[in-house]
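Encoded as structure tokens, the structure appears first; notes follow it.
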Amino acid sequence: MFVRTKGFETKSPATLFECDMEGNDFDVNTRNKTKKTPKRAAGRTICQCFMLTYKDYFQHSSLHGVQYLGEETRPKKDRIFWLFAFLLSICCCATLILSAYNKWNETPVIVSFAERSTPVWNIPFPAVTICSETKRVLQSQSNNTFANLYSQYTAERHNSHVFQPPNVTSKELEEFRTMLHVCNTHSIQQDMPLIPGDNLDYPKVLERMLPPFDRYFFYCRWLSRFNECDKYFRPTLTEEGICYTFNGLRPTDIYRKGTYQYHQSAENVSKSKWSLDKGYDASCDVETYPARVLSAGARSGIFMTLQSFEQEVDYACRGPVQGFKVLLHAPDDVPQVSKQFVRIPMGREVLIAVKPNMITMSEGIAEYDPQRRQCFLGHERPLRFFKVYSESNCELECLANFTLAKCGCVKFSMPRSLDMPVCSENKIHCYHMAERELLVREFHRVRKLNAKGASSDGRPMETACNCMPACTSLVYNAETSQANFDLHEMLAAEGDTDFLRDYPGSQMSRLSIYFKQNQFITSKRSELYGVTDFLANCGGIFGLFMGFSILSLVEVVYYFTLRFGVNLKQMYKVDSKATAECKI
């Protein structure tokens, strides 16, 4: 049926409704036609196609409960109930998955016991650093001992700015200046008087005062062979002065090129075939460098007799406790005797049973960020002075850098480049306080990071050492036992009267160091919550609350991409056909 209006004919209302898909909107009451833009018509078509795809998906989805939302014949109350249940399930999934993500992100690594025990021959025998409390041999019968000079030095604290003691030779003054660095430095105040003189080579002066090796180590046994310890011991520069280290790596294996190395020119040995990460090379024989043993027990360890002399004891320097300090450490660590040691008093026999504590790592955690696994691989934290990264080496280098920034110099025992100045006597109080100040700043920084997650300006503080443990580490724990060792009674029982005449004032101590057990249990850093565990946990949560799987995700993608495109294409064809009919 056609209707004639003002000279042209139009279609019936039913036909007008069909022509509306072209974009022409007709008012049935007024018969006026208003043409819409093609852009608006295309937008309406897309919306209609989306609603069609949406209803189709909800009616045929494999997700639990979603079908009830797409049924048009279902009562409205039922739809609201299932919508509420669906949203509640999504909230529960989001909460549990967030908890699983935090666990995966914050604690991905766990330290547990390894599956197998490790034999002691798989690791090196501990490096043993021995320091005598006697820092110099008595050179003369002069009254200019350290105690006398130190009492004059402290007495001039408020009287003069320069300390120039009378009747003191330049050699004695050099030794006194050197002893100030290795004696009780905490007693040195900031306003102590200056000591005139040129810059000293403190290691060279310490060498001059050092007693001969045979005077310290009277008797030695290693691997059932006697008096061969001098092949393994080497002088080492520490904050306690010059000590002797057994089975430690040479300076050329520890320090980088351009770093000051004590006795570097005397080293003429092959490169070490051991590393903490990889262990010994497969080509290494029983006797290798660093040395190792094949079993536990005192017979497979090192045994030595240490000697000191009553007339050389200087209580003003080292205090009331005399004897020796012994430090057990990994061969690639620089010894820091003042931090932890075992005391070997005079006239005592000390047995040290060593229990290794080694932590290894699995290959999987190497892919994690160091901050997540809370440890460094060797190549991730290169040090300026050291070839080998360890927590103690890193802390020592950080202290050296901080001391240089604060005092303009470093202590003679700190790692340094060849052009870095060494602190003189007027800087003793400065570098002594710098160590405490660094610890205080690190404490406040860590506390601030724990409270806020970052510093106030969003960047880490400049004094942060960032010395996390190495992912592979080796520590030697010690169990000690002591007994009296009476030299005089032993000599009297043996009828030896010549020994004390040859070594007047001799006092001896005996030391034995050995592994306690043939095998030990190592610890291992491994993945606590890997990517596979995280995905499995998420899949279990989704499956429990919603019946969701990977195919459900594929289904969503299919409906709103491929299916949506097909529906949209068909609707455009219908629009074009309807438009053509309307124009006829």
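See the values below:
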read-out: Qualifying residue in the stretch 407-424 (condition: open to solvent by 20 Å² or more (accessible area, probe 1.4 Å) and β-branched (Val, Ile, Thr)); value: yes
read-out: Set Asp230, Asp253, Asp285: member being without any contact (Cβ under 8 Å) to a residue 24 or more places away in the chain and not in a loop (DSSP other than H, G, I, E, B); value: Asp230
read-out: Extreme residue, modelled with the highest pLDDT, among residues of the stretch 470-488 that are open to solvent by 50 Å² or more (accessible area, probe 1.4 Å) and farther than 18 Å from Val342 by Cα; value: Asp486
read-out: Some residue of the stretch 305-323 being under 29 Å from Asp253 (Cα atoms) and in contact with a Cys (Cβ under 7 Å, 6 or more places away or on another chain); value: no
read-out: The stretch 289-310: number of residues that are of a type in the set (Val, Ile, Thr) and open to solvent by 30 Å² or more (accessible area, probe 1.4 Å); value: 0
read-out: Flag for Arg31 being at pLDDT below 80, outside any helix (DSSP H, G or I) and either farther than 22 Å from Ile550 by Cβ or under 60 Å from the mean Cα position of the chain (by Cα) (or both); value: yes
read-out: The stretch 369-385: number of residues that are in a helix (DSSP H, G or I) and open to solvent by 20 Å² or more (accessible area, probe 1.4 Å); value: 3
read-out: Residue identified as within 24 Å of Gly279 (Cα to Cα), out of contact with any Gly (no Cβ under 6 Å at 6 or more places or on another chain) and of a type outside the set (D, E, K, R) among Ala316, Ala353; value: Ala353
read-out: Single residue of the stretch 515-567 satisfying the filter (hydroxyl-bearing (Ser, Thr, Tyr) and not in a strand (DSSP E or B)) that is modelled with the lowest pLDDT; value: Tyr529
read-out: Residue check, Phe218 modelled with pLDDT of 90 or more and assigned to a strand (DSSP E or B); value: no
read-out: Among the residues listed as Trp82, Trp104, Trp121, the single one being in a helix (DSSP H, G or I) and under 30 Å from Val334 (Cα atoms); value: Trp121
read-out: Qualifying residue in the stretch 353-365 (condition: over 29 Å from Lys516 (Cα atoms), touching a residue at least 40 places away in the same chain (Cβ under 8 Å) and either open to solvent by 30 Å² or more (accessible area, probe 1.4 Å) or of a type in the set (A, V, I, L, M) (or both)); value: yes
read-out: Within the stretch 167-187, considering residues that are more than 34 Å from the chain's Cα centre (by Cα) and in a loop (DSSP other than H, G, I, E, B), the one surrounded by the most Cβ atoms within 10 Å (Cβ to Cβ); value: Val168
read-out: Per-region count, the stretch 354-412, residues over 19 Å from Asn466 (Cα atoms) and of a type in the set (A, V, I, L, M, F, W, C); value: 9
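The values are calculated or read from the model by the stated rules, or taken from the named source; none is laboratory data. These numbers come from a predicted model, not from an experiment. Using ideal geometry, Cβ is built from the backbone for each residue, glycine included, and neighbour counts are taken over all protein chains shown. We work out accessible area using only protein heavy atoms, side chains counted, and drop any ligands, DNA or RNA first. Shrake-Rupley method; radii C 1.70, N 1.55, O 1.52, S 1.80 Å.
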